[in-house]
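K.L.:
Input: one structure, supplied below.
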Amino acid sequence: MQYTFNWAIIFSGEYGRWFLDGLATTLEMSGISIVLALVLGTFLTVLRLSRITPLVWFAVSYIEFFRNTPLMVQIFFWYFGSDPILPGFFKAWLYRQNIEFATAIIALSTYTAAFIAEELRSGILSIPKTQLEASRATGLSFLQAMAYVILPQAFRIIIPPLISQFLNLIKNSSLAMTIGVMELTYMARQVEAHTFHGFEAFTVSTLIYLSLSLLVSFLITQYNRRFLRIGSAR
Amino acid sequence: MDSLWQWCTGLFANWGIVWRNFDYLLVGAYPQGPLGGLAMSILMAVVGIFGAFWIGLGAGLLRLSKRPWLCWPAILYIEVIRGTPLLMVIFWFYFFAPILMGHSVPETESAIVAFIVFTGAYVAEIVRAGVLAIPKGQMEAARGSGLSHAQAMIHVILPQALRNMIPSFVNQFVSLTKDTSLAMIINVPELTLAARHIYTRTMKAPMEIFLAIALLYFVICWVLTALSRRLERHLARYQARTAHGR
């Protein structure tokens, strides 16, 4: 099999444009999903840490089920099989949207929420109980103690794992191509199909993903250095 | 109330399709045709984790080396793979294997190679963390008793480090089992593709079909996750005891 490289074709004409469109869709999808996942994940953590048994059980089974099934299957479930269980008004709203894009966002955010809930829980539990007791003893109310003492510490610990969850989300969003969302991987596949230059197409899209993740890990390192004083001289 | 009743009965109406095609979900067209379904998923995961163990062990140890020409290739491999979606890695091997080898490569094989290379990078990080967690004094004492660096690594550090890594390996195996579902993209006949086939053939009961395979994946992954948690607790106790005995 003979293969001749042609890098110019990837950047010429509409193909370069396709990559940019794909990147934009990937970022838009990941951006919306991370916000929804954070909201849902926080909600799950509250249920998980509440002392009310049915709520704890609900949160635990949600987290375990979504973490232990493949995202691919979840995407297919939402896309093909969710029709009988969704309420009517939600379906009516959903069908007015770009259905593939909306389904991908539902799947990605419900999946990522389960992982975020675990990170949040371990972050909050890592703050010693005595911190709360001490701040209550100095005369702060529960809410004040949470707002001024516990949460500022918990967030400092939680932010790096949250950022890496976002990174996972960006990588996971490539699975949305299976239901026809025109994101970066879909576009690479498309360029490959049109030009028969798979090597170039996949190298370019890999480099885009790589620069995204390098940027994010650079941010995590900077954050750790500045706020957690990890990896710097003390 | 009636509509709620209909909704509930609707949830249980179509499970017959799943039941009638259950053997297809478990083993695919085997023995008349090629192996597929859940058996194929598990096969890929098991072969994948064995391959990834050796690649990851090698890359993880190279990553720890102080010589730049050993450590930088390992860093490059680990960071590139960890920054790339698995789907992309699967496509690399699917499209480049024929170009590199000069002949066509079966999808299943290129998928397994992709899984080995992808998971290897994550195993390498586990190995690195595991070795770094062993107290420095162990290496110094082993070297002091006359062992070479390699001997100390093989006979003193790795046996301890690998034992502590077992829960992480199990977790990585769980991830890989879930990841094998991506092989359907290049038409490997594993569980998720089997489900798609059944749905395409019957055009019925998508909820039941995808819920059924989700449950199959869940049972495997959840049992293994529970096992790894138990192992972790067991190892923590074991370490606490030895630390106490010192």
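Read-outs: derived from the displayed coordinates by stated rules, not from any lab. These numbers come from a predicted model, not from an experiment. Positions of Cβ are generated from backbone atoms using ideal geometry, with glycine treated the same way; all protein chains shown enter the neighbour counts.
K.L.:
Work from the charge dipole of the range B:13-245 (Cβ charges, +1 for Lys and Arg, -1 for Asp and Glu, about the Cα centre) and give the residue of B:91, B:37, B:151 farthest towards its positive end.
P.N.:
Farthest towards the positive end: B:151.
K.L.:
Within 14 Å, Cβ to Cβ, of residue A:19, how many net charges do the neighbouring residues add up to if Lys/Arg are +1 and Asp/Glu are -1?
P.N.:
-3
K.L.:
Report the full-extension gain for the segment residue A:196 to residue A:211: residue separation times 0.36 nm, less the Cα-Cα distance, to one decimal in nm.
P.N.:
The span from residue A:196 to residue A:211 would gain 2.9 nm if fully extended.
K.L.:
What do you get for the angle between helix B:68-82 and the principal long axis of chain B? Use alpha-carbon atoms, 0 to 90 degrees, nearest ten.
P.N.:
Rounded to the nearest ten degrees, it is 20.
K.L.:
On full extension of the chain, what length is gained from residue A:50 through residue A:226, given 0.36 nm per residue of separation minus the C-alpha to C-alpha distance?
P.N.:
Roughly 60.1 nm would be gained on extension.
K.L.:
Taking θ as phi - 60°, what are the ³J(HN,Hα) couplings along the range B:199-209 by the Karplus curve (6.51, -1.76, 1.60), each to the nearest whole Hz, with x for Gly and Pro?
P.N.:
5, 5, 6, 8, 6, 9, 6, x, 4, 5, 5
K.L.:
Can you pull the percent of Cα pairs in chain B with separation above 26 Å?
P.N.:
Of all Cα-Cα pairs in chain B, 53 percent lie more than 26 Å apart.
K.L.:
For the range B:1-61, rounded, prolate or oblate, judged on the Cα gyration tensor with a ≥ b ≥ c (square roots of eigenvalues), a/c < 1.5 rounded, else prolate if a/b > b/c?
P.N.:
Since a/c reaches 1.5 but b/c is at least a/b, the shape of the range B:1-61 is classed as oblate.
K.L.:
Another question, if that's okay. Output the DSSP H helices from chain A with an along-axis C-alpha extent of no less than 30 Å and a mean Kyte-Doolittle hydropathy no less than 0.0.
P.N.:
Length and hydropathy pass: A:13-49, A:99-125, A:198-223.
K.L.:
Let me check against my output: what whole-number percent is the relative contact order of the range A:154-234, with C-alpha pairs under 8 Å and at least 6 apart?
P.N.:
RCO, the range A:154-234: 31 percent.
K.L.:
Express the relative contact order of the range A:10-228 as a whole percentage, based on alpha carbon pairs under 8 Å and six or more residues apart in sequence.
P.N.:
The value is 30 percent.
K.L.:
Taking amide hydrogens as modeled 1.01 Å from N in the peptide plane, which residues meet the under 5 Å criterion relative to residue B:36, leaving out close sequence neighbours?
P.N.:
Sorted by chain and number, the residues that satisfy this are B:28, B:29, B:30.
K.L.:
Helix-only mean residue ellipticity at 222 nm, chain B, DSSP H runs n ≥ 4 weighted -39,500 (n - 2.57), per residue, nearest 500. What is it? Walk me through the intermediate numbers first.
P.N.:
Numbers: 12 runs with 197 residues, N = 246.
Helix contribution divided over all residues of chain B: -26500 deg cm²/dmol.
K.L.:
If you don't mind, another one. Treating only the Cβ of Lys, Arg, Asp and Glu as charged (+1, +1, -1, -1), what charge dipole size does the range A:10-228 show about its Cα centre? Round to the nearest 20 debye.
P.N.:
Values: 14 positive and 12 negative charges, 177 e Å.
I would put it at about 840 debye.
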